[in-house]
Each structure stands twice: as structure tokens, then as C-alpha cells.
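All remarks here apply to the structure that follows.
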Amino acid sequence: MQNNKFDEQILLKVKDFAKNLGFDLFGITLPQLKKEDYEYLKEFINKKKYANMHWFENYKEIRLHPSKILENCKSVIILGYFYKDQQYEDIIKKSKIKISRYAIGKDYHKILKKKLKKIEEYLKQICKNIQTRITVDSAPVPEKLLAKNAGIGWQGKNTNIIHPEFGSYFFISCIFTDYEIPSNWKQENITDHCKGCMLCIKHCPTGALEPYRLNVEKCISYWTIESKMPVPEEIIRISKGWVFGCDICQEVCPYNRRKIALYKQTNEPDFYLRLEIKKILNQLPEEKDWDNLKNSPLKRVSYYIFKENYKNTLNCEYSHV
Ligand code: B12
């Protein structure tokens, strides 16, 4: 295809368009990893540190060289969408059963993909012959590492991307494109603010974290979402009620306790606490309720696994504060 010459007005329009769709953060980066990230990720895959997430082996080349996701890929637009619903904050504090904040509404893959498609269409209208590929936790690309390179935030000791004002309760989406954008275009220069803070490491009940590294095999989020087996008793006993995902390393982060991050409401009503989920917090759903629960991140696990984890959590003594 013919190459479109970079025009700042186009990018400003796209940024505005994305903002109107509710995206909070916007950045640009090259579709490649920094050398040290490449090395860490390669080691993670080669040493099979992904536990039961065997899909990590697939499309290894794309994960390590994200430009390969789209022919002639030149740039990536990175977007952040804040998902925290304030209504849930009081509830989660008191609830013995805890479901992580990202999972209480409708499935973010679908909700955000709809928005990304709109941006894609808009981009194609104002910039002819452009090729794009959208992802939101839906393709084998290292979204955190690209988001960090785009200046969306820094990668914290809990390994999440943290923005100094918005904290880390946001999803990351990418638009890969063959449109060449200067990679430092209006980039915020966000450096690592974690400094001497060790709160996430100290508070992780299973000891899954060391600075900037996560031991997947100890992570509550891994066990309750991705392991595809009932959580072992020794983990459940110390999991403080988290039956689907875990937010402990984010809750204790000082950057999630600053004014905006603490009080901001998500722009997307579909991320609000669903009635069905509110009920689940109080009572184990029956299988028919589970079957009827459509378009929810919870459906990543089977009813059998969810039921086992739920029952075992209620049956064990733990302190939920
Ligand atoms: C696999 C995966 C998981 C796994 C592994 C988590 C992990 N830390 O990687 C599990 C199931 C545990 C998981 C859990 C969660 N996830 Co997840 N997950 C992913 C996924 C699909 C891939 C991430 C990946 O490649 N991990 C591999 C590791 C090796 O990469 P890494 O964390 O980037 O680690 C590197 C750095 O630590 C680096 N490093 C950098 N600097 C330094 C410095 C030093 C000194 C060292 C030693 C290392 C080091 O070395 C590592 C290797 O590259 C992404 C989506 C995507 N396609 O990218 C979502 C994603 C990362 N997850 C997300 C979320 C929301 C979560 C949870 C918060 C959900 C929850 N509430 O339960 C938790 C957070 C747990 C945590 N503390 O990480 C969001 C994060 C958004 C954000 N603001 O950062 C993503 C980006 C999805 C999305 N599109 O929004 N997840």
C-alpha cells in the first residue's frame, strides 16, 4: 500500500474520538520490545514459567516481535480504559467472597472491541488505505510492555502498568497500524515511581511477588482464573476470600489510593456491578444461574471449578480484612 505521510491533525482527531468513547489514556509506540523486556519474556517462555497457561507457547514469534501481528506494521496506538465501579467499593470491603474489580461487569473484551472497531473505522475514514489490527487481551501481544513503552504508565513492582494519577485499574487495548507515527509523539515521560515501596510484595498473601516479577504458580489470580483446576487448599486458606481473580497487590498500591484513582467512576456503565454478580457474592449460584450468566469474564472458568473454589473458601477460616 502507499504510505500515508504523518499528519498530527489526524492523531489529534483520533485521540479526541477515543476520549469521547470513554478511553482515559492514549499513547503511541513502536511495535517492538525493549531489549531487556525481550530477554525477560523469552526466558519466561523458554523456561516454561507460565504454569498451566500452555497457550503462551503459541505464536511465540509474535509475542516477542509484536510487529508481526500486522503486515508492514509501523506503530501501535495504546489506549487505557479505567474500569473501577465505585458502587462496588463498599460491597467488596464487607464481602466475605471477593471477585476482582475487572470482572463484575460485562466482558471487557467485547465491550472494548466494539469501541476499538469504531476508532478503526474512523481512522480509515480520515486516513485512506491504512491497515489496522485491534487487540484487547485477545491476541498474543505483550500489551503491558507496549503500554509502558508508549508512556501510558510505568510497570510497577506488582508487574501492572500504573499511571501516576489513574493508578492501575485500567484495561490496555492496542491498535496496530502500518501508519508511521513518530514514536515519541506527545509522549508522557513516566518513570518508575515505585522507588523503595514494597507494599504489594509485603501484602501478597501467597508471596507471589518479588520486585517486577510474578511467580505465576503462587498468584491467586492465576489459580482462580487460569489454572483450570480447583485451587489447592493451602492457597485457599490464605486467599482472603478471592474466588475469581485478586486485587490485593493493586489495592495496597499508593497510586490506587490517590484522589483520581480512588474516587473516579468508570466511564462505561457496562463495567458496573451486575445484579447477577452481586447475588453471587452472597450465595453460590446454581448451575442454571451460571448457564444463564452470559457475557461475563467469570465464564472463563467452569461451573465445577467455580463451585469448588467458592465452597472451599467459605469452609475455611480466614480473616477477610
Ligand atoms: C498472562 C496474563 C496474566 C497472568 C500472568 C500475570 C503477569 N504478571 O504476567 C495472570 C493470570 C496471573 C494474570 C493476572 C492478572 N491480570 Co493479566 N494478563 C495476562 C496477559 C494475557 C499476558 C501478560 C504477560 O505476557 N505476562 C508474561 C510476563 C512474563 O510478562 P510481564 O508481567 O510483562 O513480566 C515482565 C516484567 O515483569 C519484566 N520486567 C520488567 N522490568 C523488570 C525489572 C526486573 C528487575 C525484572 C527482574 C523483571 C522485569 O519481566 C517480565 C518478562 O517480560 C495480559 C494481556 C496481554 N496480552 O498482554 C493480561 C494483563 C496483563 N492482565 C491484566 C489484569 C487486569 C490482570 C489482573 C489485575 C486481574 C485480576 N484482578 O486478577 C491480574 C494481575 C496480577 C499481577 N500482579 O500481575 C491487564 C493489566 C492492565 C494493567 N493496567 O497493567 C492485562 C494487560 C490485560 C489487558 N489487556 O488489560 N494475567
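A few remarks follow.
- Hits in region 225-238 (condition: touching a residue at least 40 places away in the same chain (Cβ under 8 Å), in a helix (DSSP H, G or I) and touching a Ser or Thr at 6+ places or on another chain (Cβ under 8 Å)): 236
- Under the condition of being closer than 25 Å to residue 218 by Cβ and surrounded by fewer than 16 Cβ atoms within 10 Å (Cβ to Cβ), the residues counted in region 161-192 number 1.
- Qualifying positions in region 1-49 - closer than 26 Å to residue 111 by Cβ and open to solvent by 80 Å² or more (accessible area, probe 1.4 Å): 13, 15, 16, 19, 20
- The residues in region 277-297 that are in contact with an Asp or Glu (Cβ under 9 Å, 6 or more places away or on another chain), open to solvent by less than 80 Å² (accessible area, probe 1.4 Å) and in a helix (DSSP H, G or I) can be counted, and the count is 3.
- Single residue of region 110-160 satisfying the filter (within 15 Å of the chain's Cα centre (by Cα) and basic (Lys, Arg)) that is surrounded by the fewest Cβ atoms within 10 Å (Cβ to Cβ): 110
- Which listed residue, of 196, 241, is more than 9 Å from the ligand (Cβ to nearest atom), without any contact (Cβ under 8 Å) to a residue 24 or more places away in the chain and either in contact with a strand residue (DSSP E or B) (Cβ under 7 Å, 6 or more places away or on another chain) or over 25 Å from residue 137 (Cβ atoms) (or both): 196
- Looking only at region 203-222, and only at residues there that are more than 10 Å from the ligand (Cβ to nearest atom) and free of Cβ contacts under 8 Å to residues at least 40 places away in the same chain, the one that is most open to solvent (accessible area, probe 1.4 Å): 207
- Test result for residue 260, part of a helix (DSSP H, G or I), open to solvent by less than 30 Å² (accessible area, probe 1.4 Å) and within 25 Å of residue 86 (Cβ to Cβ): no
- Those helices (runs of 4 or more DSSP H) of region 1-75 in which at least 2 residues are away from the ligand (no atom under 16 Å from the Cβ), considering only elements entirely within it, cover 8-20.
- Every condition in (1) within 11 Å of the ligand (Cβ to nearest atom); (2) closer than 25 Å to residue 202 by Cα holds for residue 152 except the one numbered (2).
- Of all residues in region 298-309, those being open to solvent by 10 Å² or more (accessible area, probe 1.4 Å) and not in a loop (DSSP other than H, G, I, E, B) number 7.
The values are calculated or read from the model by the stated rules, or taken from the named source; none is laboratory data. Just so we're clear, the structure is a prediction, and the values are computed from it rather than from any experiment. When we count neighbours, we look across all protein chains shown, and the Cβ atoms used for this are built from the backbone with ideal geometry, even at glycine. Note: areas computed on protein heavy atoms with side chains; ligands, DNA, RNA excluded. Shrake-Rupley method; radii C 1.70, N 1.55, O 1.52, S 1.80 Å.
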